[in-house]
Amino acid sequence: MTIAEAKQLRIVDYLASLGYHPQSVTSKQYWYLSPLRNERTPSFKVNDRLNEWYDFGAATGGDLVELGKHLYRTDSVSEVLAYIGKHENAIPIQRVRIPGTTPRPVEADMKDVLIVPLQHHALLSYLHSRGIDGDIGRMFCREVHYELRQRRYFALAFGNVAGGYEVRNPYYKGCIRCKDISVIRHSHSEAQNRVCVFEGFMDFLSYLTLKQTGDDTVCIGAPCDYLVMNSVNNLKKALEHLQVYEEIHCYRDNDLAGQETEETIAGMYGKRVHNEALRYHEYKDLNDYLRGIRQKLAVSPPPRTIVKPKKKGLGL
């Protein structure tokens with residue numbers, strides 16, 4: 001059996017063939033008592049859509065080959081494949097579709113990449129169109145210039161902890177260098193007790209803009225650190241950073257992916273997690289909320305001014 005063939009085996013069925021069955025199932029998330037150790041509360045999750053597992057108690061996860069290393073207590077991939085192959089031959093297991101080869105990312109073709117302070121009027125105008133304050137944008141974003149297919153382009157650049165940049169303009173969304181989370185401390189000396197978690201940096205900038213205007217509908221009234229995942233695929237990296245916080249405020253998107261992300265965080269950190277998306281449940285995300293309330297303010301009629309008629313003969 002090859003690694004590719006092993007990864008095609010459905011983890012849920014493989015665990016069932018070993019006698020492990022889920023304690024609960026929610027949105028293709030299968031929760032188990034960990035097969036890797038003794039526990040009373042399920043903390044082992046299989047994402048059946050991605051065919052991947054994660055053990056929150058051990059803070060590790062991956063595909064079936066990685067699971068086999070833990071189940072069979074070996075770091076030898078060939079031994080793991082032998083165990084899986086032997087077991088699969090004895091009890092047929094459903095196979096899942098694995099996505100084809102990932103296309104070459106457009107970032108690989110970028111040349112002459114230059115990162116400079118944010119000042120281009122078109123990018124500031126783009127932030128303004130998203131309802132975000134320009135000074136906040138300048139504080140946390142830079143601008144990137146690059147050549148792609150013999151043409152020059154520019155975009156917003158938001159840094160992450162690995163030295164890469166999330167890149168965004170009205171027509172393009174991507175990442176230069178390496179993909180990772182972004183962490184912004186309230187104080188450089190130490191972590192706060194609270195942290196606000198965002199899926200993307202536009203929501204983070206939206207939060208700061210709302211906080212600047214004194215919005216208490218969605219904003220926390222206490223000092224917070226901020227963590228931007230920059231992609232729900234960075235959830236595992238985010239989980240490792242969240243363990244130091246007593247209060248975790250999730251400003252997720254109001255969609256299935258956002259719900260699954262928040263449920264995963266809550267599955268690991270329990271009552272420490274607060275679903276702040278309830279504060280803007282009528283909107284798809286925090287930036288949509290910001291633009292929505294600003295649009296309402298723009299169309300609201302000005303208050304009427306009542307002018308009292310002057311009384312004759314009194315000189316008023």
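Solvent-accessible surface (1.4 Å probe) assigned to residue 1 amounts to roughly 80 Å². Farthest towards the positive end of the charge dipole of region 177-269, among the residues 222, 187, 249, is the Cα of 187, using unit charges on the Cβ of Lys, Arg, Asp and Glu.
Among 21, 121, 274, the largest mean-square fluctuation in a Gaussian network model of the chain, built with springs joining Cα atoms closer than 10 Å, belongs to 121. Here the sum of -39500 (n - 2.57) over DSSP H runs of 4 or more residues, divided by the residues of the chain, equals -9000 deg cm²/dmol at 222 nm, to the nearest 500. The modelled label-to-label distance for the pair residue 109/residue 82, using points 7 Å beyond Cα in the direction of Cβ, is 4.6 nm. For the chain, carbon and sulfur atoms together expose 50% of the accessible surface, with a 1.4 angstrom probe and every protein chain in place. I'm spelling it out carefully: the read-out is Kirkwood radius over Cα pairs in Å, the candidates are (1) 22.8; (2) 21.0; (3) 18.9, and one was derived from this structure. Which label? Looking at Kirkwood radius over Cα pairs in Å for this model, the match is (1). Distances between placed amide hydrogens fall under 5 Å for residue 164 paired with 178, all partners being 5 or more residues away or on another chain. Largest GNM mean-square fluctuation among 156, 36, 64, using the chain with Cα springs under 10 Å: 36. By a 1.4 Å probe calculation restricted to protein chains, residue 2 has an accessible surface near 70 Å², given to the nearest 10. In this Cβ point-charge picture (+1 for Lys and Arg, -1 for Asp and Glu), the chain has a dipole of about 1480 debye about its Cα centre.
Here residue 284 sits with roughly 120 square angstrom of accessible surface, probe radius 1.4 Å.
Full extension of the chain between residue 177 and residue 281 gives 34.0 nm of extra length, using 0.36 nm per residue less the Cα-Cα distance.
Qualifying GluC sites (Glu not before Pro) in region 38-95, where qualification requires a DSSP coil assignment and no more than 15 other C-beta atoms within 10 Å, comprise 39. Extension gain, residue 145-residue 4: 0.36 nm per intervening residue step, less the Cα-Cα distance, totals 46.9 nm. Here region 199-300 is treated as a sphere whose radius is the Kirkwood value from Cα pairs; by Stokes-Einstein at 37 °C and 0.692 mPa s it diffuses with a coefficient of 232 µm²/s. Accessible area per residue for the chain, computed on protein heavy atoms with a 1.4 Å probe, is 57 Å². Of all the options 248, 136, 91, the one that moves most in a Gaussian network model of the chain with Cα springs shorter than 10 angstrom is 91. Figure note: 167, 232, 244 ranked by solvent-accessible area, largest first, 1.4 Å probe, ligands and nucleic acids not counted: 244, 232, 167. Placing +1 on the Cβ of every Lys and Arg and -1 on the Cβ of every Asp and Glu, with nothing else charged, gives region 179-254 a dipole about its Cα centre of roughly 200 debye.
The values are calculated or read from the model by the stated rules, or taken from the named source; none is laboratory data. Given the structure is predicted, the values throughout are model-derived calculations rather than measurements. No Cβ is skipped: glycine too gets one built from the backbone with ideal geometry, and neighbour counts run over all protein chains shown. These area figures cover heavy atoms from the full protein model, side chains too; ligands, DNA and RNA do not enter into them. Shrake-Rupley method; radii C 1.70, N 1.55, O 1.52, S 1.80 Å.
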